[in-house]
Amino acid sequence: MELTFRNSEISYLIGENGAGKSTLLNILARIDKNYQGGIDDSFAVDEISLVDANPYMLKGDVYKNIVYPLKIRKRENIEESMTTLLDIFNLNTLKNKEASKLSSGETQKVAIVRALSFSPKLLMLDEPTANIYIY
Ligand SMILES: Nc1ncnc2c1ncn2[C@@H]1O[C@H](COP(=O)(O)OP(=O)(O)OP(=O)(O)O)[C@@H](O)[C@H]1O
Ligand SMILES: [Mg+2]
């Protein structure tokens, strides 16, 4: 089996429970290193973003969580790029809320914003809409 992700394309991975979707995403994100087969790594590990089905939040507020990927990459103009993203996801009012106190849907949205913050070349979302109410 071979899987190719092309620039500017959206791919969907569909399969029954236990089929191995999350496992494959973890392998592609280089989190799971114990696998058979090969990855043609056109993407460096710090250009990939994976939003887990149950996202882990760092201790501290929402803002600390979403700027974390930018901080570790020593990016500048953090405030500017964050305001636009928070606006799009309607999360400005939650900016200073303790991340551990968010609802499941809020946590998922914060995790998506955090994943988008550094403009990854490959963005992978594991069940991204499971808790999201879209209106
Ligand atoms: N850490 C682990 N150790 C052993 N087996 C595991 C581990 N993680 C997952 N598995 C098994 O690997 C298989 C694939 O799991 P995976 O989580 O990738 O499925 P999935 O397609 O994402 O399912 P779902 O739709 O329920 O999220 C399952 O049978 C699961 O029990
Ligand atoms: Mg899964």
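The values are calculated or read from the model by the stated rules, or taken from the named source; none is laboratory data. Computed from a prediction, not measured in an experiment: that's the story for all the values here. Glycine gets a Cβ as well: all are built from the backbone with ideal geometry, and neighbour counts include every protein chain shown. Surface areas here come from the heavy atoms of the whole protein model, side chains and all, with no ligands, DNA or RNA. Shrake-Rupley method; radii C 1.70, N 1.55, O 1.52, S 1.80 Å.
When region 108-119 is examined, which residues are found to be assigned to a loop (DSSP other than H, G, I, E, B) and open to solvent by less than 60 Å² (accessible area, probe 1.4 Å)? Don't jump to the end; show me each part of the working.
Quick first cut of region 108-119, residues assigned to a loop (DSSP other than H, G, I, E, B) only: 117-119.
Those that are assigned to a loop (DSSP other than H, G, I, E, B) and open to solvent by less than 60 Å² (accessible area, probe 1.4 Å): 117, 118.
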So which residues in region 7-30 are loosely packed, with under 12 Cβ neighbours inside 10 Å and under 20 Å from residue 115 (Cβ atoms)?
7, 8, 9, 10, 11, 12
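Looking only at residues that are touching a helix residue (DSSP H, G or I) at 6+ places or on another chain (Cβ under 6 Å) and not charged (D, E, K, R) in region 92-102, which one is surrounded by the most Cβ atoms within 10 Å (Cβ to Cβ)?
Start the filter on region 92-102 by keeping residues that are touching a helix residue (DSSP H, G or I) at 6+ places or on another chain (Cβ under 6 Å), which leaves 92, 94-95, 97, 99.
Checking the rest, the ones that are also not charged (D, E, K, R) come to 92, 94, 99.
Details: 92: 13, 94: 20, 99: 23.
Top of the filtered list is 99.
Take the conditions touching a residue at least 40 places away in the same chain (Cβ under 8 Å) and open to solvent by 60 Å² or more (accessible area, probe 1.4 Å) and apply them to residue 71. Does it pass?
Numbers: touching a residue at least 40 places away in the same chain (Cβ under 8 Å): no; open to solvent by 60 Å² or more (accessible area, probe 1.4 Å): yes.
For residue 71, the condition - touching a residue at least 40 places away in the same chain (Cβ under 8 Å) and open to solvent by 60 Å² or more (accessible area, probe 1.4 Å) - is not met.
This table checks each residue for (1) among the aromatic types (Phe, Trp, Tyr); (2) open to solvent by 50 Å² or more (accessible area, probe 1.4 Å); (3) at positive phi; (4) in contact (Cβ under 8 Å) with a residue 40 or more places away in the chain.
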residue	(1), (2), (3), (4)
45	no, yes, no, no
52	no, yes, no, yes
61	no, no, no, no
78	no, no, no, no
82	no, no, no, no
104	no, yes, no, no
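Going by the structure shown, is residue 31 on the phi < 0 side of the Ramachandran plot and free of Cβ contacts under 8 Å to residues at least 24 places away in the same chain?
Details: on the phi < 0 side of the Ramachandran plot: yes; free of Cβ contacts under 8 Å to residues at least 24 places away in the same chain: yes.
Here the answer is yes, as residue 31 does meet what is asked.
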Determine, yes or no, whether residue 122 is modelled with pLDDT of 90 or more and surrounded by 18 or more Cβ atoms within 10 Å (Cβ to Cβ).
no
Filter region 16-32 for residues that are more than 9 Å from ligand 2 (Cβ to nearest atom) and of a type outside the set (A, V, I, L, M, F, W, C); which is nearest to residue 55 (Cα to Cα)?
26
